[in-house]
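A short write-up of the structure that comes next.
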Amino acid sequence: MTLDAVVAAGAAHQSALLTAGEVSSRELTEATLAAIDRENPRINAVVELLRDEALDAADAADRSRAAGEAGPLTGVPIALKNDLDVAGHVTTLGSRAVTRAAAADGELVTVLRRLGAVPVATTTLPELMIVGFTQPEITGVTRNPIDPGRTSGGSSGGSAALVAAGAVGIATASDGAGSIRIPAAACGLVGFKPTNGTVPGSGGWCGLSTQGCVTPTVADTALYLDQIGTFSGSLVEAAATAAPGFLRIGLTRSAAAATRAEKLDPEVDAALERAAGVLRAAGHTVVEIDVPYGLRAKSATLRYLGGIAQSVDGLDDPSLLEPRTRGIVRLGAPVGPRAIAWARRAGERFASEVHRDLGVDVILSPVMSSTALPVGRWDELGALRLILAMNAFYPYTVQWNHAGVPAVSVPAGLASDGLPLAVQLVGQRDDDVRLMGLTSQLEGLIRGGLA
């Protein structure tokens, strides 16, 4: 396998080669930086290349391995979404309104450095991570490497584009309303949102947001989350065995949209049916369900808009925000602490009741209404019309942030035009290990019969 192929293969394969001494972190990091140099001009996914720091960190990782002091992530290159503080660099949040460099590493970056991971670049994101596509004024359009006329999703669009282009094996991502799962679905990657509160650096947007990653395979995601998170068992073991037991899975197309959801694309619907079919063939019981979202789930909008309004407080110069962002911030300004507290309680009730009331262990649904969004589709929309359009196109994700439960986007083959298809699995709170096992099982079944 060439070094370029190793770069694209994912963190788990890279970790195994590093452990076996078949490649050094210096070699792998140099190859990753070269891949970014080669691929980024066509996708525009990088805010800042951390070349010198990355090579120094790679050399340190090689010394740690030589001394027998290495862990699974030691020496593995990783791209960082530009919502994480990296000492001496500007955490732009996709905005001109942030101008000062971070004085110190943030919590998650500190953990990653301690584990020996090698940050190689920071990745693009929409301004303040608000929207489900990545084209802020400060960096321009980030394009989907599968089809440059399509978006790579958002808000972790730069991370997803870079991984899907084969330029890095893993990238951090965060998810406050679908921002791990949507880019993963758009780019054909695995995007696992863990139970809220299990990963360092989470908790933004009034508790909706959690940190995670986007990767080529389930094994990569399990390796990463096992190292940084706090779970009730081994995600790596669950992914490796892919034997979650026989589960009762609820198949749903119901959406928690405040307005009418867009009609589900027939190819997305067919992918959902195929996933249900292979899960039945594996011994699971799959039943059609209609999720009763109601006000408990739809109150997520209060936390979403309230969280956006609160995020302006730490900016260096809010007057530099894009006009549409300022409009969305104004929509959230009336949402006060009492409304947010009420919404959080509603989300907790929804989490505690939804699977139980439906009589299922896991929910199977779409991730988004169609394949990746065309670039520029919503360019002319103002703040309110954009929120409504996103709510109609992406109606399957934010309710699970609101509930705080684990949810994952799983690649489900390709549409007739070559764009990735995906399905979503949603587990119960703190049931990440079992959900990871089911995700791994579904990944194997899809690769064996659907792709």
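Relative contact order for segment 134-280: 15 percent, from Cα pairs under 8 Å spaced at least 6 residues apart, divided by residue count.
Electrostatic bookkeeping for Arg356 treats Lys and Arg as +1 and Asp and Glu as -1; over the other residues with beta carbon under 12 Å from its beta carbon, the sum is 0.
Using the Cβ of Ala403 as centre and a radius below 10 Å, the other residues enclosed give a net charge of +1, where K and R count +1 and D and E count -1. Excluding Leu49 itself, what net charge comes from residues whose Cβ is under 15 Å from its Cβ, given Lys and Arg +1 and Asp and Glu -1? Spelling it out: positives minus negatives among the neighbours equals -4.
Protein heavy-atom accessible surface, 1.4 Å probe, per residue over segment 332-442: 34 Å². Separation of segment 331-397 and segment 28-72, taken as the distance between their Cα centroids, equals 36 angstrom. In this structure, Leu295 and Leu381 have a Cβ-Cβ separation that, at R0 = 35 Å, corresponds to a calculated FRET efficiency of about 0.85.
Close amide H contacts of Ala412 (hydrogens built in the peptide plane, cut-off under 5 Å, sequence separation of 5 or more or a different chain): Leu421, Ala422, Val423.
Among Arg385, Arg42, the order of accessible area from largest down is Arg385, Arg42, computed with a 1.4 Å probe on protein heavy atoms. Per residue, the average separation of C-alpha pairs within less than 8 Å and at least 6 apart gives the chain a relative contact order of 17 percent.
Computed on the Cα atoms alone, the convex hull of segment 87-141 gives a volume of 95 cubic angstrom per residue.
The values are calculated or read from the model by the stated rules, or taken from the named source; none is laboratory data. Quantities reported herein were computed from a predicted structural model and do not represent experimental measurements. Virtual Cβ from ideal backbone geometry, glycine too; neighbours counted across all protein chains shown. The protein model used for the area step is the full one, side chains on, heavy atoms only, and it has no ligands, DNA or RNA in it. Shrake-Rupley method; radii C 1.70, N 1.55, O 1.52, S 1.80 Å.
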